[in-house]
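A short reminder: the numbers here are calculations on the coordinates, not readings from a lab. Model, not experiment: these values are computed from the prediction. Glycine gets a Cβ as well: all are built from the backbone with ideal geometry, and neighbour counts include every protein chain shown.
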Amino acid sequence: MRTMRAIAVAGVALAAALGLSACGEEQQVTVYQQGKYKGKPDAQPWDSPQFGGKEAQWETEINRRALNQSEYSRTGRTGG
Amino acid sequence: MARMKFICDVNRCIECNGCVTACKNANEVPWGVNRRRVVTINDGVPGERSVSVACMHCSDAPCMAVCPVDCFYRQEDGVVLHDKDLCIGCGYCFYACPFGAPQFPQAGAFGLRGKMDKCTFCAGGPEANNTADEFRKYGENRIAQGKLPACAEMCSTKALLGGDGDVIADIYRQRVFVRGKGAEVWGWGTAYGPPKGGQPAPQPGAKS
């Protein structure tokens, strides 16, 4: 009788130990990390025969072109 | 430094699809791939609105975040591009993109999915500028020629504006002030700032 009780107590203790072993404090939230580009390097837009690496010249030309999209600046009118 | 962006003025877009045609023609985009398309809301109903949509070259691009092979990169001028030699055509970017920009060419009898293709802001890709290789893989590199994207330059009503975000926002702001409406909408000040000197102040609710 005493042996049976000892086995039962040991069984309960073992079950409790196994059951609680999954209750750790492990971090469950994944930390997102942005990947780094792994492809081929690209040339800058101003690295062309037309601009010869002059970034300021390229930017001026692009902005001049962008302003052409406004009728008001093309025609000199302010609208209305 | 310029930050390249598109704005589509829905009050001007007439759904002519000139931008779509210009893009297809300039970049020789294959059949079934649409780097740009025109979406119409309330089609056929008075007050319908159309908007031309393509890659918006997001400042915090979700396609870039989800790509398992990290084939996306952002140029100094803000244009988001990708390396087709690295792309595996998985389609994650398509699901991540809120604008449906990534396109996948279909080929073969079994619907084989090719490498991703999307709007490049006519800035080519990771090949030497204006070479045959660059054109074959990514299309025309107009930006390296000092030009703007073909779609924006071809737009007949100038609804679609492309270029440095500050410059095109100024153009759009001026239009709205001339129209006399639009600036009363919520978030306007955050998006476009207060009126600049010499421009008329917007009249809330006024008709153009």
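Quick look at the numbers
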| item | result |
| --- | --- |
| For the protein assembly as shown: rounded, prolate or oblate by the Cα gyration tensor [a/c cutoff 1.5] | prolate |
| Rounded to 10°, Cα long-axis angle of helix A:55-67 versus longest principal axis of chain A | 80 degrees |
| Tilt relative to chain B, helix B:165-179 - C-alpha long axis, 0 to 90 degrees, to 10 | 40 degrees |
| Residues A:Arg5, B:Arg173, sorted so that the one with the fewest Cβ neighbours within 10 Å comes first | A:Arg5, B:Arg173 |
| Binned Cα-Cα distances of chain A, short to long, each 10 Å bin given as a whole percent | 12, 15, 13, 11, 9, 8, 8, 9, 8, 5, 1 |
| Those residues of the stretch B:116-135 whose amide nitrogen sits under 14 Å from the label point placed on A:Arg74, 7 Å along Cα→Cβ | none |
| Prolate/oblate/rounded label for the stretch B:4-154 (Cα gyration tensor, a/c 1.5) | prolate |
| Likely footprinting exposure, B:Asp117, B:Asp77, fewest C-beta neighbours within 10 Å first | B:Asp77, B:Asp117 |
| Calculated from backbone phi, Karplus (6.51, -1.76, 1.60) coupling profile of the stretch B:91-99 in Hz, x at Gly/Pro | x, 4, 4, 4, 6, 7, 6, x, 10 |
| Sparse-neighbourhood loop sites, GluC sites (Glu not before Pro) in the stretch B:1-92 - DSSP loop, at most 14 other Cβ within 10 angstrom | B:Glu28, B:Glu48, B:Glu76 |
| Residues A:Lys36, B:Lys5, B:Lys181, sorted so that the one with the fewest Cβ neighbours within 10 Å comes first | A:Lys36, B:Lys181, B:Lys5 |
| Inter-site label distance for B:Val39 and B:Lys115 at 7 Å from Cα along Cβ, in nm | 2.8 nm |
| Cα long-axis angle, helix B:18-27 against chain B (0 to 90 degrees, to the nearest 10) | 30 degrees |
| Under DSSP loop assignment and at most 14 Cβ neighbours within 10 Å, longest GluC sites (Glu not before Pro)-free interval of chain A | A:27-80 |
| Per-pair calculated FRET efficiency, R0 = 41 Å: B:Ser156 and A:Lys40 via Cβ, rounded to 0.05 | 0.65 |
